[in-house]
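The values are calculated or read from the model by the stated rules, or taken from the named source; none is laboratory data. Quick caveat, the model's predicted, so the values are computed rather than measured. With ideal geometry, Cβ positions are generated from the backbone for all residues, glycine too; neighbour counts draw on all protein chains shown. The protein model used for the area step is the full one, side chains on, heavy atoms only, and it has no ligands, DNA or RNA in it. Shrake-Rupley method; radii C 1.70, N 1.55, O 1.52, S 1.80 Å.
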Amino acid sequence: MAAVRRHKRVAAAQPGFLPIKSSLDGNSSVIKRRKRVNKNKKKSWNRFSDIQDVEEFLDDVRLQERATGGLIAEKTDDTLFFVDTGETEEKDTQAQTTVKKGKHSKPLRIDLILQPDSHIQAPKNVLAFQQPNAKKQRRISERAAKLAAMGVLPRREKLLQLRSAAAASGLSVKEHPVANNNPDRAFYDLWSAGTPETADPYYLEQTKKKLVKRPDRLNEKPSVLPAVEVIAPGGSYNPDFFSHQDLLREAHEVELKKQKAEEKLARQLAVNEDKATEESTFKEQVEGLIEEEEIEPQEPEGDTEDTVMGPTATQEKKTEKQRKKEKAQRIKDLQRKVERQVIDKQQQLFQLRSISASVKKQEQRTEMRQAQRKVQQEAQKSMPRRLGRLKFQTPDLDVQLSDELASSLRSLKPEGSILKDRFKSLQKRNIIEPRERARFNRKYKLKYSEKRAFREIE
């Protein structure tokens, strides 16, 4: 409390502070006797603390701000006082500034109520001064200023300079659109596949309306097979006899292949059961009882006395005569080899026909291989590729036997499934990989229990 009173005395004793209320005057304030109170607890702080003088001082400051727009002590003399020079000038000024009073000279009461009575400015609205992407725009402006200092012009200014230069020279940068009623304008087919692009290509590129050129390899189909394959003539509800027999033969060959594959697998998985005979049992019983004759190692034929068991004898040093002889022999061999090469080259002149014939055969062989390779590549385009871990399995042919053929469409029974047929077609055309049905593995076994109502019925 002593600190509060000290603050009051200091504020009131300032030479520049002029209180509006008389209660804040230092002379009129009565200093009361301090009351001794224990303030070691927070509960008694607000109870025994006297802050009325501080509140009065702050109220007076707020009143001055509302009434005059600030503290009176901080105001200049011109704003607080004026010099009275006489009544004549006032009358002249009043006569000049008098306006005829009419019906609308006095403001309305509602307008006076709505007018602000405080000189304090409204707080600044921070949201009104915020700009979207201000940080980004500031970074862009800084970068533009840096480039301008380096002498690099942005794209827009370059385009403006080019257009201004083109306009000065008389060249048209952009062609004006042709009017619809102009008979010389170009026309296009309304029912054509593509529409003409009359807009500026730069505008289409910047507005993302111009499509990117699609690579040619993405336009290629993964398979040359048609989306819907037409069934063989023998699959009709009223087929020809020979076409139906051909379809039956084809289905028969498919079944034979499946049967051969099953038989091959059965042979591979079969267990070799070798039954014991009397001879095999006797062999097992006698094994180990008869002593086998020891086979003595045969000595190599020939005299072994001439063989030298010790270290090899050192080679004697060649004489000068021997070295000259060997050198001459090497020179003769080289000369003979060079002469042989010359003779071979001369002989090749007489073999031109045979060499040309062999070259032609080789070229024919390469052309034949290239043709075969092309045929294989064309055939592979219509074959399903290996896209996953599973291979494509050709579906079974929907064929009816001769006694199963219907005599009319009413008695015809539908076979196969359209959904399965489309799914297999997608796999065959390499659009999706071959798949198999996911197996459901139950984690826990099912537990069966009889209900009480069922047991009561029994």
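Within the same chain, lysines fewer than 8 places from K39 are excluded, and of the rest, those with a Cα less than 23 Å from its Cα are K8. Taking label positions 7 Å along the Cα-Cβ direction at both E65 and S141, the computed distance is 3.2 nm, reported to one decimal. Between A73 and E157, take the C-beta separation as r, use R0 = 60 Å, and let me know the FRET efficiency to the nearest 0.05. Taking R0 as 60 Å, the efficiency between A73 and E157 is 0.60.
Legend: residue pairs K264/K428; K275/K391; K213/K428; K42/K75; K257/K428; K374/K424, Cα-Cα distance threshold 31 Å; pairs beyond threshold, K275/K391; K42/K75. In the complete set of protein chains, residue-level accessible area for Y202 is approximately 80 Å², probe 1.4 angstrom.
As a ratio to 2.2 N^0.38 Å, the alpha-carbon radius of gyration computed for the stretch 329-458 takes the value 2.63. Maximal additional length on extending the V54-A134 stretch stands at 24.4 nm, based on 0.36 nm per residue less the C-alpha distance.
Please list 58-69, 249-260 highest first by mean number of surrounding beta-carbon atoms within 10 Å per residue. Numbers along the way, then the final one.
Working: 58-69: 14.7, 249-260: 11.4.
Put in order of decreasing packing, that is 58-69, 249-260.
How much length is gained if the chain between K420 and R455 is pulled fully straight, taking 0.36 nm per residue apart and subtracting their Cα-Cα distance, in nm to one decimal? Could the numbers behind the result be given before it?
Working: separation 35, 0.36 × 35 = 12.60 nm, distance 4.58 nm.
Full extension of this stretch gives 8.0 nm more.
Using R0 = 41 Å, the C-beta based FRET efficiency linking K213 and E250 works out to 0.35.
The modelled label-to-label distance between V286 and E205, using points 7 Å beyond Cα along the C-beta direction, is 9.9 nm.
Subtracting the Cα-Cα distance of A122 and M368 from their residue separation scaled by 0.36 nm leaves 79.0 nm.
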